[in-house]
Amino acid sequence: MQAGVCDSAFRHRHLLGIEGLSPAEIERFLDLADGYVELNRQAEKKRSLLRGRTIINCFFENSTRTRTSFEVAGKRLGADVINMAVAVSSMVKGETLIDTAMTLNAMQPDVLVVRHPESGAVQLLSEKVDCAVVNAGDGSHEHPTQALLDALTIRRRKGRLQGLTVAICGDILHSRVARSNIALLNTMGARVRVVAPRTLLPAEIERLGVEAFHDMGAGLADVDIVMMLRLQSERMHGSFVPSTREYFHFYGLDYDKLRAAKPDALIMHPGPMNRGVEIGSEVADDIDRSLIRAQVEIGVAVRMACLEILARDLGDGSSAP
Amino acid sequence: MKGRITAEDLPRLLIRGVRLLDPQSGLDATGDLLIEGERIAAVAGALAAADAQVVEGEGLCLAPGLVDMRVQLREPGAEHMESIESGGRAAAAGGVTTMAALPNTEPPVDNVSVVEFLARRAREVRLAKIHTYAAATTGLAGKQLTEMGLLAANGAIGFTDGVKAIGDALIMRRVLSYARTFDLLVVQHPQEPSLSGAGEVNEGETATRLGLAAIPPAAEVIMVERDLRLVAITGARYHAAHLSTAVAVEAIRRAKAQGLPVTCDTAPPYFALNETAIGDYRTFAKLSPPLRSEWDRRAVVEGLRDGTVDAIASDHAPWDQDSKRLPFSSAAFGIVGLETLLPLSLELYHNGHMSLLDVIARLTCNPARVLRLPAGRLAQGAPADLVLFDPDREWRVSTEEFRSKSKNAPFDGRPVRGRVVRTIVDGRTIFRQEG
């Protein structure tokens, strides 16, 4: 470790996942982001920390929320942000992912924010470029900034992560949000449960350090946080679950099921929500217990922290390994 | 103010001096049984009950009413072949007090409203108790899961695509996995459809001589073996229906030894007949799975004897004449079986393969255990669902006398031993043999 770099220095060039981050590294993201939450509430939101830096949002999969969040974050730090909707350009023309990476690299960006429908694709791309890469979601693998924003949202309301019990409910099988959250919450000393029908749970999920439940009543018993996941529409009609009606009946979050959780349990959802499928409106819109809108707000702050740490560390030349 | 109904007000029936057979407890002794209202009030060596109607049971056996875990009742959709009522009468005459109906009706039982319709019809008819399986996949099409959780909550006792196999391995895995989520039973028609193809009889000399398209025994065991692998990774409760081959019986035997949660049944034609019953293109002997070789038949008997095969079901499949009086290839698969279930099963006893108690177990407590029904027991407090039968009475099967609307059985004229004398459901006599 280099002299002068404190213990919590971020030791990685990229942010590809939560897996492998130390508690101190995670704390550093959260602490820095915490300050940005306040900044973002002021009338004058703009900083010039990243002036002159170029950030390219490179989304190989449709996204509105995450892409916008990263764009706002980059602009508030003074960077030049370019959005590339790759889904409708190079991929259609048959360019390989590596060729696209080389092309982007030649434009000398400082940070690439990449989302891709295939697990592992963001890492592959990161190996071919000279700049920092932020994984904005790769297939069913990781979505690290979502886990960080979820963690900060919880920490701001509960004051801690250590010792909390968090139930992640729904389509665990296909969820990168679930995988990143499991890694982060376990690293920070929370207890993690997953709750889903068996068709939506991957094999040996317990090996990731979670307790698996198939019944909401048992799974939500005495939890502090209920984290609902989106069920993709193509999985609703008989392939993984029989119908939205049955899914909501057994796994949709409503006050009846929430009663099993602690009285002050809070509700989260990464969005976009399917109301009446995985979550009922009365619960989603409960201003005392739902953190869903807070998650969106904190998302911008967390992405500002990520961009700052990656771009600044790169500039300092302390970007081992 | 209305007075409360007390035990003294309930109708009482005392069956006296009968051979009591309760395979659940191993009871096989002469004694009396008292029914009060809908329940068994007492089972003992000698009972006295004032005001009770008395049935003298000397020379007869009294067993739990038969639990037939595989019937087709054709209602809704094909009531000209069978209905809840005619099927109920056939069951009553056969000593069957509980039936589990397949979901291959029209419309199929793949949504809650059909389950509720069947429950209402069964309540109206008030004969044998009727439970229904629901479809495992929507429209029995083998593609999309049904609302198993809601269907089970509304009374479906298991999930199956009826007379069709769930052929796609990925779909079957999800069916099992989803069923396991709610601890539900999945029943498979074990025949690999891509191998059985358009086959209609067992592969071998008979098929070759008759020039009929054949189904190899491997079609059954391939599906069973595949399913057992899927059961191993999902942990679901799995039941293989109407096993007909030696190799499939052996596969289940091994799976049970490994501790997998699997059960299976067979039907009388698979231990009472072999492929030669097809004779000269007799469509009444056209079954799915097909009648097999003598070697397979003996293996099925052995499976029943050693307990590998848990249950005997009638596999009652009513068809009208238009469906059977056709060239062999065009005729429908299946035979009626409710009214011959007991005497054909008793052949296993009369031929010395099994004890009477063991045969009765395959027809009562075993299928009740697979279906998790509170039936199949002669015990105080149990539902008074009973069959009184003469185990030795000799008679000839006559399909003309069947209560079933359909007469498609290959057993017409067969001399059998053992006849139902009286059938009781919830304390009510629903059938009495005249003479």
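Bear in mind these aren't lab numbers, they're just calculated from the coordinates by the rules spelled out. What you see is a predicted model, and the numbers here were worked out from it, not measured in a lab. Glycine also receives a Cβ, built like all others from the backbone with ideal geometry; neighbour counts cover every protein chain displayed.
Highest mobility in the GNM of chain B, judged by mean-square fluctuation with C-alpha springs under 10 Å and restricted to B:Ala136, B:Ala248, B:Ala50, is found for B:Ala50. Can you pull the percent of Cα pairs in the stretch B:131-199 with separation above 20 Å? Tail of P(r) above 20 Å: 21 percent of Cα pairs.
Considering every alpha-carbon pair of chain A, the percent of pairs per 10 Å bin, from zero through the bin containing the longest distance, is 6, 27, 34, 23, 9, 1. For chain B, the relative contact order works out to 19 percent when only alpha carbon pairs closer than 8 Å and six or more residues apart are counted. The residues packed around B:Ala207, meaning those with a beta-carbon under 9 Å from its beta-carbon, carry a net charge of -3 if Lys and Arg are +1 and Asp and Glu are -1.
Between A:Met228 and A:Cys169, A:Met268, A:His269, the built amide H atoms are under 5 Å apart, and every one of these is 5 or more places off in sequence or on another chain. Here the Karplus relation 6.51 cos²θ - 1.76 cosθ + 1.60, evaluated at θ = phi - 60°, turns the backbone of the stretch A:213-225 into coupling constants of 10, 10, 10, 5, x, 6, x, 8, 4, 6, 8, 8, 9 Hz, with x for every Gly and Pro. Taking the DSSP beta bridges with both ends in chain B, the antiparallel portion is around 50 percent. Measuring nothing but alpha carbons in the stretch B:177-286 and taking Rh as the Kirkwood radius, the Rg to Rh ratio lands at 1.03.
In sequence order, the stretch A:274-285 has phi-based couplings of 9, 5, x, 10, 9, 8, x, 4, 5, 7, 4, 9 Hz under the Karplus curve 6.51 cos²θ - 1.76 cosθ + 1.60, θ = phi - 60°, and Gly or Pro positions carry x. Taking the fewest neighbouring Cβ atoms within 10 Å as the starting point, the ordered list for B:Tyr133, A:Tyr36 is A:Tyr36, B:Tyr133.
Fewest-first ordering of A:Lys45, B:Lys407 by other beta carbons within 10 Å of each residue's beta carbon gives A:Lys45, B:Lys407. The alpha-carbon atoms of the stretch A:35-74, seen along their principal axes, cover 32, 23, 15 angstrom, with the largest extent given first. Seen from every direction in turn and averaged, the convex hull around the alpha carbons of the stretch A:145-263 projects onto 6.9 nm². Helix A:23-40 and the longest principal axis of the Cα set of chain A meet at an angle near 90°. Here is how the number arises for chain B: DSSP H runs of 4 or more residues each give -39500 (n - 2.57), the sum is divided by the residue count, and the result at 222 nm is -8500 deg cm²/dmol. Two decimals, Cα atoms only, Kirkwood Rh: what is Rg/Rh over chain B? With Rh from the inverse mean 1/r over Cα pairs, Rg/Rh is 0.96. Each principal axis of the Cα cloud of the stretch B:89-160 was taken in turn, and the coordinate range along them, longest first, works out to 39, 18, 18 Å.
In plain terms, the C-alpha convex hull of the stretch B:43-199 casts an average shadow of 13.1 nm² when viewed from every direction. Cβ-to-Cβ counts within 10 Å put A:Thr244, B:Thr98 in ascending order as A:Thr244, B:Thr98, the fewest first. Among beta bridges identified by DSSP and lying wholly in chain A, the antiparallel ones come to about 5 percent. Summing Lys and Arg as +1 and Asp and Glu as -1 over all other residues whose Cβ lies under 13 Å from the Cβ of B:Met223 gives a net charge of -3.
Within the stretch B:1-105, antiparallel bridges make up roughly 60 percent of the DSSP beta bridges whose residues both belong there.
Note on A:Glu234 and B:Arg126: with the Förster distance fixed at 60 Å, the Cβ-Cβ geometry gives a FRET efficiency of about 0.85. The alpha-carbon atoms of the protein assembly as shown, seen along their principal axes, cover 104, 75, 43 angstrom, with the largest extent given first. Using R0 = 56 Å, the C-beta based FRET efficiency linking A:Asp264 and B:Ala119 works out to 0.85. Computed across the stretch A:196-321, the Kirkwood radius stands at 16.7 Å (inverse of mean 1/r, all Cα pairs). For B:Ile40, nonlocal amide neighbours, meaning residues 5 or more places apart or on other chains whose placed amide H falls under 5 Å from its own, are B:Gly381, B:Ala382, B:Ala384.
Quick one: go through the stretch B:128-157 and flag any residue whose amide nitrogen is under 13 Å from the point 7 Å out along the Cα-to-Cβ line of B:Leu10. Within reach of a label on B:Leu10: no residues. For the residue pairs B:Lys286/B:Lys407; B:Lys129/B:Lys164; B:Lys143/B:Lys256; A:Lys45/A:Lys75; B:Lys324/B:Lys405; B:Lys164/B:Lys286, alpha carbon separations beyond 18 Å are given by B:Lys129/B:Lys164; B:Lys143/B:Lys256.
Taking a Cβ cut-off of under 9 Å around B:Gln72, the surrounding Lys, Arg, Asp and Glu residues balance to a net charge of 0, with basic ones at +1 and acidic ones at -1. Semi-axes of the equivalent ellipsoid of the stretch A:66-169 are 30, 17, 12 Å, computed as sqrt(5λ) over the eigenvalues of the C-alpha gyration tensor in descending order. In the stretch B:1-108, inverting the average of 1/r over every pair of distinct C-alpha atoms gives 16.4 Å as the Kirkwood radius. The angle separating the long axis of helix A:176-187 from the principal Cα axis of greatest extent in chain A is about 90 degrees. Once the Kirkwood radius over Cα pairs is known for the stretch B:259-388, the Stokes-Einstein relation at 20 °C and 1.002 mPa s delivers a diffusion coefficient of 134 µm²/s. Using C-alpha pairs below 8 Å separated by at least 6 residues, the relative contact order for chain A is 21 percent.
Taking the square roots of 5 times each eigenvalue of the Cα gyration tensor of the stretch B:314-435, largest first, gives ellipsoid semi-axes of 27, 17, 16 Å. A simple spin-label model places the labels of A:Arg207 and B:Ser329 5.2 nm from each other, with each point 7 Å out along Cα-to-Cβ.
Across all Cα pairs in the stretch B:55-104, the calculated P(r) in 5 Å bins from zero up to the longest distance comes to 5, 20, 25, 19, 12, 7, 6, 4, 1 percent per bin. Students often get this wrong: which residues of the stretch B:304-343 have the backbone nitrogen under 19 Å from the point 7 angstrom along Cα-to-C-beta of B:Asp28? Backbone N within reach: B:304-312, B:342-343.
Residues of the stretch B:24-66 falling in the label zone of B:Gln433, defined by backbone nitrogen less than 17 Å from a point 7 Å along Cα to beta-carbon, are B:55-66. Entry note, chain A: the mean residue ellipticity at 222 nm calculated from DSSP H runs of n ≥ 4, each adding -39500 (n - 2.57), is -11000 deg cm²/dmol after division by the residues and rounding to the nearest 500. Rounded to the nearest 10 degrees, the inclination of helix B:84-94 to the longest alpha-carbon principal axis of chain B is 70 degrees.
Looking only at other chains, what is the average number of their beta-carbon atoms within 10 angstrom of each beta-carbon in B:171-182? Per-residue shielding by partner chains comes out at 4.
Residues whose amide H falls under 5 Å from that of A:Ala79, counting only those 5 or more places apart or on a different chain, are A:Leu50, with hydrogens built in the peptide plane.
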